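Please read the structure below before turning to the comments.
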Amino acid sequence: MKWTRKDLLALSEMSAEEIIFVLDTAAEFKDVGRRRLKKVPSLRGKTLVNLFVEASTRTRTSFELAAVRLSADVVNITAGGSSLSKGESLKDTAKNLEALAADLIVLRHSAAGASRFLAARLGAGVINAGDGSHEHPTQGLLDVFTIRERLGRIEGVKVGIVGDIRFSRVARSDIQALTKLGAEVTLIGPPTLVPREFGRLGVRLTDRFDDVLGELDVVNLLRIQHERQKAGHFPGTGEYASLFGLNASRAARLKQGALVMHPGPIHRGIELDGSVADGPHSVILDQVTNGLAVRMAVLYLCGSVPPKEGE
Amino acid sequence: MSNSMNIRGGRVIDPSAGRDAAGDVFIAGGKICAEPAEGGVEVDARGLVVCPGFIDIHVHLREPGHGAKETIETGTRAAAAGGFTSVVAMPNTHPVADHPGIIAWMLERAAEVGVVNVFPTGAITVGAQGEQLAPIGAMAAAGIVAVTDDGRCVQNHEVMRRAAEYCGMFGLPMFDHCQDASLAGPEAMMHEGYWSTMLGLPGWPRMAEEIIVARDAMLAEATGTRIHCQHLSSGGSVRLLREARLRGVPLSGEVCPHHIALTDESVRDYDTDFKMNPPLREQADIDALLEGIADGTIEVLATDHAPHAIYEKEVEFAAAPFGIVGLETAVGLFCSILLHQKGVLALPELIAMLTANPARLVGLDRGTLSIGAPGDVTLLDPDREWTVDRSTFASKARNTPFHGWELKGRAVRTVVGGRTAWEVGV
């Protein structure tokens, strides 16, 4: 297929064919990472700006490494050290970056829709590295990449996503990618964190982890954010862990060959016991490795589309 | 310029008198009169509807304090361009209109630069903080027509109850932006439902509005003070309002064009021109609002004209202020939806909801063509087709979700006190 997107904003707007195309491209780039010389000239001469208006270490590092391996020039901007902290608008910041001839902007932002806002106003390509509670498309892509790599397929795979679905951009991107590729998705958590509206996407919802645990091929655990507890979504991490944590006794009931995933950072002892995170089911570090390949693919594909005329 | 006018040959619709007949309307010295005014401006109204000037009881003129968004001058020009001869101004200015001095300033400014009549409201509480009663009596003496903490619904029921009792002394109605702050948390920015879930935008549920409508029904019943529920968005609110009114409770409600024209799906591209408070809800809510309009549960139509500067709206969805402009598109939208598309109202009923009904709510001697009334008249072409072009707005602001919409029905001349305040271009 011919790739035509200059931006990667949300998996909700992508077709299954496009998603598979990214995965196949990522598989080729993964081989590059195994070479002694881990660099290709695909984006030589292009400038990539990592604009991280919200804190992130692993995603920013992953994008930076991906860009470096594609031979792009990389500039990192974080909110604390930028004009954004002095009250400059996102639009003006972006226009300035464009005036400096940035080709690609990787945006992490606390506001849902921020990357769409930028993409609509810039000729440069915009890659969404997480926008509020909306989407984190490269995480969704690396998750399905990892499942496909390990299990050989996505279609018909039974995937459970556990935890803070309501506020999770990872969950939204995972749900989009998995359902488009034919997986059977179950969302697991207390009703306060699992909005029933997701049912319209053809996923199953349950608050009984133990009832479904044994049938899952993949268990994807989301980080529980402590601020949710303050807002009254659950009474405490102890009760949460007892109901929804993947501890050793639950892990013992997993299917043979089932995958345990987590987008990180992990809260050991809350959503996931240390022994399980480091155990035989865990593919958590594969996810990190694959994230690099997926981001190389995304940057390569979007960076190769000619920019549209600026407004 | 003469403030006398002879408007001849139109279809005269005056719901306050049950009048709907071909005829003439005469204005002498700024007042409606029975005989042609000598030397009055002659206006040919053949093919047009001649009705009392429209009254919008929910307008944010933004002055004092927010002149970058709108001024009394530009806001009243926008009103005239939309067919409105009178506007009721909300008190969420800066400083808040919670004091007779600010009311007096607004009236003075409106007399200097306003092209339509301006009737201020005063805040219920000092600074609209929801705690200490504002000097309602002094503001009543200064000329307010209602009290409201619009945008900052009084959360303390005891404060609201005492305010309602106190307003009874002055016969002032209370306007309430019905919203429970705990259910509509500080992060909420759209209707809670499928689209908020998909878009990752915190939503607020219908019950945030309905709980306060229910409270206001109880307070209105207990105190006898008229409480008017502003810009209803939820179908459940209509049911609560209907039930209260059937029992004779002095509770009323209004509906704005956007809440019957758009649903929450409109937010899907994070366009901040669809960010308003209360939020756009679902088709079932639209259906319930239309039913409430059709059966008389809702008797007033308003705009919630909420201008903002472009730079304020052209930001991330979370960072944008709530609200859209409405004065210049409302009549076209109401005619298109209520008359032409849905057929829920006959033309005289629609006109009543823009004239006699709001006038009665706030105690104005307007919204009527009876002899001696102020010469405020709107000439309406309910079948005129036009396209919304925000670049032509008289308002300072451009924040409308209706740019490019093709509408049917438009005011073509707005007459205030016997003088033409605005006339449509050819």
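Loop-located trypsin sites (Lys or Arg not before Pro) in region B:221-313 (DSSP state not H, G, I, E or B) with no more than 11 neighbouring Cβ atoms inside 10 Å: B:R247.
Subtracting the Cα-Cα distance of A:A252 and A:A16 from 0.36 nm times their residue separation leaves 81.6 nm of extension gain. Per-residue Karplus couplings for region A:40-52, computed as 6.51 cos²θ - 1.76 cosθ + 1.60 with θ equal to phi - 60°, are listed in order as 10, x, 4, 10, 4, x, 9, 10, 10, 10, 8, 9, 10 Hz, Gly and Pro entered as x. Ligands, DNA and RNA are left out, and with a 1.4 angstrom probe the accessible area of region A:111-173 is 20 Å² per residue. The calculated FRET efficiency for A:E28 paired with A:A101, based on their beta-carbon distance and R0 = 30 Å, is about 0.60.
Relative to the Cα centre, the charge distribution of region B:54-367, modelled as +1 at Lys and Arg Cβ and -1 at Asp and Glu Cβ, gives a dipole magnitude of about 640 debye. Take the Cβ atoms of B:R8 and B:S370, set R0 to 22 Å, and the FRET efficiency comes out at 0.70. Across all directions, the shadow cast by the convex hull of chain A built on its C-alpha atoms averages 16.0 square nanometres. For chain B, the share of DSSP beta bridges that are antiparallel, to the nearest 5, is 50%. When the charge dipole of region B:35-126 is built from unit charges on Cβ atoms (+1 for Lys and Arg, -1 for Asp and Glu) and taken about the Cα centre, the candidate among B:A111, B:T71, B:F54 whose Cα reaches farthest toward its positive end is B:T71.
Proximity of backbone amide H atoms, modeled 1.01 Å from N, is registered between B:I32 and B:G372, B:A373, B:G375 at under 5 Å, excluding neighbours fewer than 5 places apart on the same chain.
Accessible surface buried by the B/A pair amounts to about 1500 Å², both sides summed, 1.4 Å probe. Comparing A:E54, A:E215, A:E239 in a Gaussian network model of chain A, where Cα atoms under 10 Å apart are tied by springs, the biggest mean-square fluctuation is seen for A:E239. Placing dummy labels 7 Å off each Cα toward the beta-carbon, the span from B:E158 to A:L243 is 3.5 nm. In order along region B:332-348, the phi-based Karplus estimate (6.51 cos²θ - 1.76 cosθ + 1.60, θ = phi - 60°) of 3J(HN,Hα) comes to x, 5, 4, 5, 4, 7, 7, 8, 7, 7, 9, x, 7, 10, 7, 3, x Hz; Gly and Pro are listed as x.
Along the axis of the charge dipole computed for chain A (Cβ charges of +1 for Lys and Arg, -1 for Asp and Glu, origin at the Cα centre), the listed residues A:V40, A:L178, A:I266 are led at the positive end by A:V40. Per 10 Å bin, what percent of the C-alpha pairs of region B:1-76 does each bin hold, from zero upward? Distribution as computed: 18, 33, 25, 20, 3 percent.
Annotation: B:E243 carries an accessible surface of approximately 90 Å², with a 1.4 Å probe and no ligand, DNA or RNA atoms counted. A 1.4 Å probe, protein heavy atoms only, puts the accessible area of B:K31 near 100 Å².
Relative to the longest principal axis of the Cα atoms of chain B, the long axis of helix B:283-294 makes an angle of roughly 40 degrees. The charge dipole of the protein assembly as shown, taken about the Cα centre with unit charges on the Cβ atoms of Lys, Arg (+1) and Asp, Glu (-1), comes to about 2220 debye, rounded to the nearest 20. Here the Karplus relation 6.51 cos²θ - 1.76 cosθ + 1.60, evaluated at θ = phi - 60°, turns the backbone of region B:104-117 into coupling constants of 4, 4, 4, 5, 5, 5, 5, 5, 6, 10, x, 9, 10, 6 Hz, with x for every Gly and Pro. The 1.4 Å probe gives accessible areas that order B:D269, B:D381, B:D216, B:D287, largest first, as B:D269, B:D287, B:D381, B:D216.
Normalising the average separation of contacting C-alpha pairs (under 8 angstrom, six or more residues apart) by the number of residues puts the relative contact order of region B:54-367 at 16 percent. If the elastic network links every pair of Cα atoms under 10 Å, which of A:F145, A:F63, A:F209 fluctuates the most in the Gaussian network model of chain A? Per the Cα network of chain A with a 10 Å cutoff, A:F209 tops the list. What fraction, in whole percent, of alpha-carbon pairs in the protein assembly as shown exceed 38 Å separation? When every Cα pair of the protein assembly as shown is considered, 46 percent fall beyond 38 Å. With K and R counted +1 and D and E -1, the other residues having a Cβ less than 11 Å from that of B:D273 yield a net charge of +1. Sequence-distant contacts, meaning Cα pairs under 8 Å at least 6 residues apart, place the relative contact order of region A:137-288 at 23 percent. Taking Cβ atoms as reference points and 10 Å as the exclusive limit, the residues near B:L61 contribute a net charge of 0, counting Lys and Arg as +1 and Asp and Glu as -1. The largest-to-smallest principal axis extents of the Cα set in chain B are 61, 46, 43 Å. Note on exposure: B:Y194, A:Y240 ranked by accessible area (1.4 Å probe, complete protein assembly) read B:Y194, A:Y240, with the most exposed listed first. Please determine, in degrees from 0 to 90 and to the nearest 10, the orientation of helix B:157-167 with respect to the longest principal axis defined by the Cα atoms of chain B, where the helix direction is its Cα long axis. Rounded to the nearest ten degrees, it is 30.
Largest mean-square fluctuation among B:A373, B:A302, B:A21, in a Gaussian network model of chain B whose springs join Cα atoms under 10 Å apart, belongs to B:A21. Within chain A, helices built from complete DSSP H runs that reach 27 Å or longer along their own axis (Cα positions) and carry a mean Kyte-Doolittle hydropathy of 0.5 or higher are A:284-303.
Between A:R196 and A:K39, the contour length at 0.36 nm per residue exceeds the Cα-Cα span by 52.0 nm. Counting only other chain Cβ atoms within 10 Å of each residue's Cβ, the peptide B:313-320 averages 6.
Between A:E88 and A:A120, the FRET efficiency estimated from the beta carbon spacing at R0 = 30 angstrom works out to 0.95. With the convex hull of the Cα atoms taken as the outline of region A:137-288, the averaged projected area works out to 7.8 nm². Each Lys and Arg adds +1 at its Cβ and each Asp and Glu adds -1 at its Cβ; summed about the Cα centre, chain A shows a dipole of about 540 debye.
The values are calculated or read from the model by the stated rules, or taken from the named source; none is laboratory data. No experiment lies behind these values; they were computed from the predicted model shown. Because the Cβ atoms are built from the backbone with ideal geometry, glycine has one as well, and the counts that use them run over all protein chains shown. The area values use the complete protein model at the heavy-atom level, side chains included, leaving out ligands, DNA and RNA. Shrake-Rupley method; radii C 1.70, N 1.55, O 1.52, S 1.80 Å.
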